[in-house]
Amino acid sequence: MNEDSGATRRDLLAAVLMGGGLVLAYGTLALQGFLFLLPKRLRPKTRLIYAGRIDQFAVGGVRTIYDLDGNAILVKRGETDFEAFSSVCPHLGCRVHWEAEERTFFCPCHRGVFDADGVAVSGPPADAGQRLAQVTLEVDDRSGVIYLEVRDRGRRSA
């Protein structure tokens, strides 16, 4: 009788573990399928826009490029790389500009100052621990061209 009751418990445990494994496997598969489809709907459409040729950017300088909606993007060339920042101050939405002599971004609304990496170093943005939003860019070394990734507002390509 002990062998029969042991076999029954073993069979029950095996069935529960096998059923749990199947539920977990199919649940994971369903979740991955859902996540594969979902981000495309939630992610805003973007487009690469031409920012210029590498040789048009002076080392240590900043150029202003406008996106599809006319918003200014500040593209900075460092010694070895490029960075792009939104020109919108995270404090109140005023427009920042590059001050070459000080090598800082300056917001005139409340005298906010950001270092060359976009980190606030003084004024209300620094008090709040803010920084300029970065804009994704691509540097194509082969062709010598820089592209900015911006939101596509439903415009069709020509």
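The values are calculated or read from the model by the stated rules, or taken from the named source; none is laboratory data. Quick caveat: nothing in here was measured; it's all calculated off a predicted structure. Every residue, glycine as well, gets a Cβ built from its backbone with ideal geometry; the counts of neighbours run over all protein chains shown.
Tabulated results
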| item | result |
| --- | --- |
| Residue check, PHE106 outside any loop (DSSP other than H, G, I, E, B) and without any contact (Cβ under 8 Å) to a residue 12 or more places away in the chain | yes |
| All positions within segment 140-154 that are assigned to a strand (DSSP E or B) and either closer than 12 Å to ASP55 by Cα or not hydrophobic (A, V, I, L, M, F, W, C) (or both) | ASP140, VAL145, ILE146, TYR147, GLU149, ARG151 |
| Subset tally (residues that are aromatic (Phe, Trp, Tyr) and assigned to a loop (DSSP other than H, G, I, E, B)) for segment 42-61 | 1 |
| Looking only at segment 55-85, and only at residues there that are in contact with a Gly (Cβ under 9 Å, 6 or more places away or on another chain) and not hydrophobic (A, V, I, L, M, F, W, C), the one that is farthest from ALA120 (Cα to Cα) | ASP55 |
| Every residue from segment 62-74 that is surrounded by fewer than 13 Cβ atoms within 10 Å (Cβ to Cβ) and not in a loop (DSSP other than H, G, I, E, B) | THR64 |
| Some residue of segment 31-51 being in contact with a Ser or Thr (Cβ under 6 Å, 6 or more places away or on another chain) and either modelled with pLDDT under 90 or assigned by TED's automatic domain parsing to the domain that holds GLN134 (or both) | no |
| Segment 5-30 - residue that is among the polar types (S, T, N, Q) and surrounded by 10 or more Cβ atoms within 10 Å (Cβ to Cβ) and, of those, modelled with the highest pLDDT | THR28 |
| Of the criteria (1) free of Cβ contacts under 8 Å to residues at least 12 places away in the same chain; (2) touching a Pro at 6+ places or on another chain (Cβ under 7 Å), which one GLY112 fails | (1) |
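Per-residue answers, yes or no, for (1) surrounded by fewer than 17 Cβ atoms within 10 Å (Cβ to Cβ); (2) farther than 21 Å from ARG47 by Cβ; (3) in contact with a His (Cβ under 8 Å, 6 or more places away or on another chain):
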site: ARG95; (1), (2), (3): yes, yes, no
site: TRP98; (1), (2), (3): no, yes, no
site: GLU102; (1), (2), (3): yes, yes, no
site: ARG111; (1), (2), (3): yes, yes, no
site: PHE114; (1), (2), (3): no, yes, no
site: ASP117; (1), (2), (3): yes, yes, no
site: ALA133; (1), (2), (3): yes, no, no
site: GLU138; (1), (2), (3): yes, no, no
site: ARG142; (1), (2), (3): yes, no, no
